[in-house]
Amino acid sequence: MIIELGHFALILALPVAVLQAGLGLAGAARGDWNAMAAARTAALAQFILIALAFATLVHAYVVSDFSVLNVAENSSLQKPLFYKLTSVWGNHEGSMVLWVLILSLYGAAVAWFGDAMPPRLCARVLGVKGLVAIGFLLFILFTSNPFLRLDPAPANGQGLNPILQDPGLAFHPPFLYLGYVGNAVAFAFAVAALIEGRVDATWARWVRPWTLASWCFLTVGIAMGSWWAYYTLGWGGWWFWDPVENASLMPWLAGTALIHSSIVVERRDTLKSWTVLLAILTFSLSLVGTFLVRSGVLTSVHAFALDPRRGVFILALLVVAIGGSLTLYAMRAPRLQPGGLFAPISREGALVLNNVVLAACCATVFIGTLYPLFLDAVGGPKLSVGYPFFDRTFVPLVIPLLLAVGIGPLLAWKRGDLLGALQRLWAAFAVAIVVVLIGLYVERGGPVLAVLGLGLAAWMAMAAAVEVADRVRLFRAPWPEVWRRAINQPRASYGMSLAHFGLAVTVAGISASAFQQQRIVMMHLGDQTQLAGYTLRFDGIGKHDGNNYTADVAEFTLLDGSRVIAHLAPQRRFFPLQQQTVSKTSIHTNLLADFYLALGDPDGKGGWAVRAYWKPLVPFIWIGGVIMAFGGAVSLSDRRWRVGVAARRAARAALPARGSGA
Amino acid sequence: MTWRRALYLLPLVGFVALAAYFFYGLSSGYNPELLPSALIDKPAPQFQLAGLNGAVPLTNQDFTGQVVFVNFFASWCAPCREESPILMDLARRNVIQLYGIAYKDKPADATKYLKEYGDPYRRVGVDETGRTAINFGVYGVPETYAIDRNGHIRWRFVGPLTPQAVQSQLMPLLKKLGAS
């Protein structure tokens, strides 16, 4: 009964979305204040309805109601409660409900904070978001309904894919969706601005917090996903250029470009049509990613349910959403007046370079991901594009960008002084050179690109520090003055420095992975093996009975000479329900390097295949991601966005007047 | 002014072309699984697999200095049965050194399958998790790879081998790699 309630709530959300779209768009066009206010109420109502639907689905999972097909297919009685909860979104249908839930959450947030916004803009944004919601609700109700019943109900469910039973994976989809769907807000703002025919600094100021927030979530989501792949798949890799990973990387690259170009719109009132296009493209790439992952057009290790009917439906959604917004763009964008001019060497110039390179990177990933499809369509030879393609195209593109990350923030707006900026960066340059020289010395004839990468990381990290020091006039002004300046710096500028520093940390981690050492050996009890100066001893093997699996648990001791560093216990878990074996790696980290151990298959005669890796700096990859996201959050807490608070108070006071004017 | 307007149309034009490709991908019999390996002329991935029925583990070090063929198969795979007589013929004529990797298969099932349809392999490794297959870039079974004396992958064949493929691809390749 409860599940029907949820089903009904989701169905009811559809007409509410229609109302939200109609009232929002028509109300703004006619200047009907009541309709515009009603659109905001509709957005809130839509969130409540979808939250109710989601809650009933969660309930069905918690009580293991196997009369619901979706629960029977994806859960089982033996599963721990925590994974019962997370398997709500561990499948296609449930994850789509989470998708619309987050979409409506953002919608409700826009409606809630809408007092401070120009009412027409707010109504149009909500209208566009209503249109997106209609599309996705139809998609769920007609092709991916999680509320369908199963009669007769089975005694037990089929359980979740064992590889998904992991805390890292349990949490990363919600973050990714918060990122993807957050891009829908920027998209709605872009379309609203095109309808209105006006893009100005205020508009940019309204879009930016949403873009920043979704960028932070996406950064965390991608980092978590990559970390999960690292410790789960058991081969020490952390990025596979898999279509599913690329699908999350493309909106991230476009979103990164967007948060930079929207600064230019806000500060200098220029690059407008480009920024609007980026906002459209960022969300479009999120949609295309969804399409690729769920339609079966490209094969992937992570692929979700493959159903051609769904593919056609998502394609239709893409055509309406992306085709419609780009048509609007072609009609309206030429009318957007370009604003202030700037010299090529300037802060704007650096941000344009950033955008050009990020767009090129994004295009590279896009082409690499879809190349097999394109080539096949023109009757060319069958080809697959793997990591060699991305290594050769993506990496060279990124290098100039990483160089510019150091210089850009030191350039002035309008007309910058490159020489002056470089002079101020002498310290960063010196450190980078020293790092490269040390790297070359240690790894003579080794991977040059990796050493260069470490140098670039040092350059960016130092440049971020120099930039902060420069702003607070460290060593050039008396201490009280420095302190005062440090406190008065806008948080957004600290956020930027942090994010750039985080990027440096990630680049260092990625570069250093070229120095990893690995050993794949067959070991018997008591055997020892050497890796990277450490000794690994095989101490024992036992059985462990989990809730819904049985595991072989090996015990290893990691020694440095005769000193014990750590005890490692990698597992090989067998899930009888799905007849699947999953490796549970054991990692010893000191944050500077990981010692990574995975247990392979037994040879049946007391020998076990053991894969051991020593990975210097690898934790930096994800630590850097977290620092980047934290930088975004710091920037988000800037007082500048809270100007909106004051405006909202003023708007509240003015509300009766506005109401009577309708 | 008109060419400037045309510029703003570009994103839309690009998208329409893309949507057409997507539609093609959905509707035609486009099959992403028919792709040659990205690992051609690259070192074969490292692996160490338990041997079937307690045989010594199969590792890529066993291949050094020889031209070998590695065939991924499974007892549950119908095309593998179709391919089996061709592999058996090659084994009987002793023209190639063929090693088998049982992909996502239980050892007992694989053993039964080889008893029933014949065992053309010198040795068989068990890849229960399918990890080795992923490292090779296997899309599905059966798949056959040729590895040269230096341990580089030189050839990949997706799907069951046919007599034509043996004549037109495998034999010339053997001649080129200098194995007899």
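Quick one: which of A:568, A:591 is over 30 Å from residue A:403 (Cα atoms) and outside the structural domain of residue A:391 (by TED's automatic domain parsing)? Reasoning before the result, please.
Details: A:591 fails: over 30 Å from residue A:403 (Cα atoms).
Result: A:568 is the single residue among A:568, A:591 that is over 30 Å from residue A:403 (Cα atoms) and outside the structural domain of residue A:391 (by TED's automatic domain parsing).
Please identify the pairs in which a residue from the stretch B:1-22 that is facing chain A (nearest Cβ under 7 Å) and at negative phi has its Cβ atom under 6 Å from the Cβ atom of a residue that is loosely packed, with under 11 Cβ neighbours inside 10 Å and modelled with pLDDT of 80 or more, counting only partners at least 6 apart or on another chain.
Once the first residue is facing chain A (nearest Cβ under 7 Å) and at negative phi and sits in the stretch B:1-22, no partner that is loosely packed, with under 11 Cβ neighbours inside 10 Å and modelled with pLDDT of 80 or more comes close enough.
Looking at A:606, A:624 in this structure, which one is assigned to a loop (DSSP other than H, G, I, E, B) and touching a Leu at 6+ places or on another chain (Cβ under 8 Å)?
On the way: A:624 fails: assigned to a loop (DSSP other than H, G, I, E, B).
Answer to the check: A:606.
If residue A:239 passes every condition in (1) crowded, with 19+ Cβ neighbours inside 10 Å; (2) closer than 29 Å to residue A:515 by Cβ but one, which one does it miss?
For residue A:239, the exception is condition (1).
Kindly establish whether residue A:198 is in the same structural domain as residue A:270 (by TED's automatic domain parsing), basic (Lys, Arg) and assigned to a helix (DSSP H, G or I).
no
Being within 16 Å of residue B:136 (Cβ to Cβ) and hydroxyl-bearing (Ser, Thr, Tyr) is the filter here; which residues of the stretch B:57-95 pass it?
Across the stretch B:57-95, the qualifying residue is only B:59.
Kindly indicate which of B:102, B:78, B:91 is within 28 Å of residue B:172 (Cβ to Cβ) and either among the aliphatic types (A, V, I, L, M) or modelled with pLDDT under 85 (or both).
B:91
Please list, ordered by residue number, the helices (runs of 4 or more DSSP H) wholly in the stretch A:17-136 having 3 or more residues that are outside the structural domain of residue A:198 (by TED's automatic domain parsing), touching a strand residue (DSSP E or B) at 6+ places or on another chain (Cβ under 9 Å) and over 22 Å from residue A:205 (Cα atoms).
Because the criterion is at least 3 residues that are outside the structural domain of residue A:198 (by TED's automatic domain parsing), touching a strand residue (DSSP E or B) at 6+ places or on another chain (Cβ under 9 Å) and over 22 Å from residue A:205 (Cα atoms), the helices (runs of 4 or more DSSP H) in the stretch A:17-136 that meet it are A:33-62.
Would you check which residues across the stretch A:315-334 are β-branched (Val, Ile, Thr), facing chain B (nearest Cβ under 9 Å) and in contact (Cβ under 8 Å) with a residue 12 or more places away in the chain and list them?
Of everything in the stretch A:315-334, just one residue is β-branched (Val, Ile, Thr), facing chain B (nearest Cβ under 9 Å) and in contact (Cβ under 8 Å) with a residue 12 or more places away in the chain, namely A:322.
So residue A:30 passes all but one of these: (1) among the charged types (D, E, K, R); (2) buried (at least 18 other Cβ atoms within 10 Å of the Cβ); (3) more than 28 Å from the chain's Cα centre (by Cα). Which condition number does it fail?
That leaves (2) as the condition not met.
From the residues in the stretch A:474-506 that are without any contact (Cβ under 8 Å) to a residue 12 or more places away in the chain and not in a helix (DSSP H, G or I), which one is nearest to the chain's Cα centre (by Cα)? Write out each step before concluding.
First, the residues of the stretch A:474-506 that are without any contact (Cβ under 8 Å) to a residue 12 or more places away in the chain: A:474-484, A:487-488.
Filter again for not in a helix (DSSP H, G or I), leaving A:474-478.
Numbers: A:474: 35, A:475: 39, A:476: 40, A:477: 41, A:478: 42 Å.
Looking at the filtered set, the residue picked out is A:474.
Could you please tell me which pairs satisfy a Cβ distance under 9 Å, a separation of 6+ or placement on different chains, a first residue in the stretch A:578-604 that is on the phi > 0 side of the Ramachandran plot, and a second residue that is at pLDDT 80 or above and among the β-branched types (Val, Ile, Thr)?
Close Cβ pairs satisfying both conditions: A:591/A:623.
Kindly indicate which of A:365, A:398, A:451, A:435 is β-branched (Val, Ile, Thr), modelled with pLDDT of 80 or more, buried (at least 17 other Cβ atoms within 10 Å of the Cβ) and more than 23 Å from the chain's Cα centre (by Cα).
A:451
So, in the stretch A:87-100, exactly how many residues are surrounded by fewer than 24 Cβ atoms within 10 Å (Cβ to Cβ) and either farther than 20 Å from residue A:168 by Cα or of a type in the set (Lys, Arg) (or both)?
Selection size over the stretch A:87-100: 1.
Every residue in the stretch B:30-50 that is surrounded by 20 or more Cβ atoms within 10 Å (Cβ to Cβ), at pLDDT 80 or above and within 7 Å of chain A (Cβ to nearest Cβ), please.
If the condition is that a residue be surrounded by 20 or more Cβ atoms within 10 Å (Cβ to Cβ), at pLDDT 80 or above and within 7 Å of chain A (Cβ to nearest Cβ), then B:48, B:49, B:50 are the ones that fit.
I'm trying to understand the selection: among the residues of the stretch A:565-604, which are of a type in the set (Asp, Glu) and under 26 Å from the mean Cα position of the chain (by Cα)?
Answer for the stretch A:565-604, where residues must be of a type in the set (Asp, Glu) and under 26 Å from the mean Cα position of the chain (by Cα): just A:594.
Taking residue A:512 and the conditions (1) without any contact (Cβ under 8 Å) to a residue 12 or more places away in the chain; (2) buried (at least 22 other Cβ atoms within 10 Å of the Cβ); (3) of a type in the set (A, V, I, L, M, F, W, C), which numbered condition does it fall short on, given that it satisfies the others?
(1) is the only condition that residue A:512 fails.
Could you list, in sequence order, all residues of the stretch A:181-225 that are modelled with pLDDT under 90 and hydroxyl-bearing (Ser, Thr, Tyr)?
Of everything in the stretch A:181-225, just one residue is modelled with pLDDT under 90 and hydroxyl-bearing (Ser, Thr, Tyr), namely A:202.
Among the residues of the stretch A:335-345, is any of a type outside the set (Gly, Ala, Ser), closer than 30 Å to residue A:137 by Cα and more than 10 Å from chain B (Cβ to nearest Cβ)?
Looking through the stretch A:335-345, none of the residues is of a type outside the set (Gly, Ala, Ser), closer than 30 Å to residue A:137 by Cα and more than 10 Å from chain B (Cβ to nearest Cβ).
For the stretch A:602-624, give me the residue count where each residue is within 14 Å of another protein chain (Cβ to nearest Cβ), buried (at least 21 other Cβ atoms within 10 Å of the Cβ) and farther than 16 Å from residue A:556 by Cα.
Qualifying residue count for the region: 1.
Would you list the strands (runs of 3 or more DSSP E) that sit entirely within the stretch B:58-135 and hold 2 or more residues that are within 14 Å of chain A (Cβ to nearest Cβ)? Show your work before the answer.
Details: elements: B:68-73, B:98-103, B:124-127.
Result: B:98-103, B:124-127.
The values are calculated or read from the model by the stated rules, or taken from the named source; none is laboratory data. From a predicted model like this one, the values you see are computed outputs, not experimental measurements. Cβ atoms come from the backbone with ideal geometry, glycine included; neighbour counts cover every protein chain shown.
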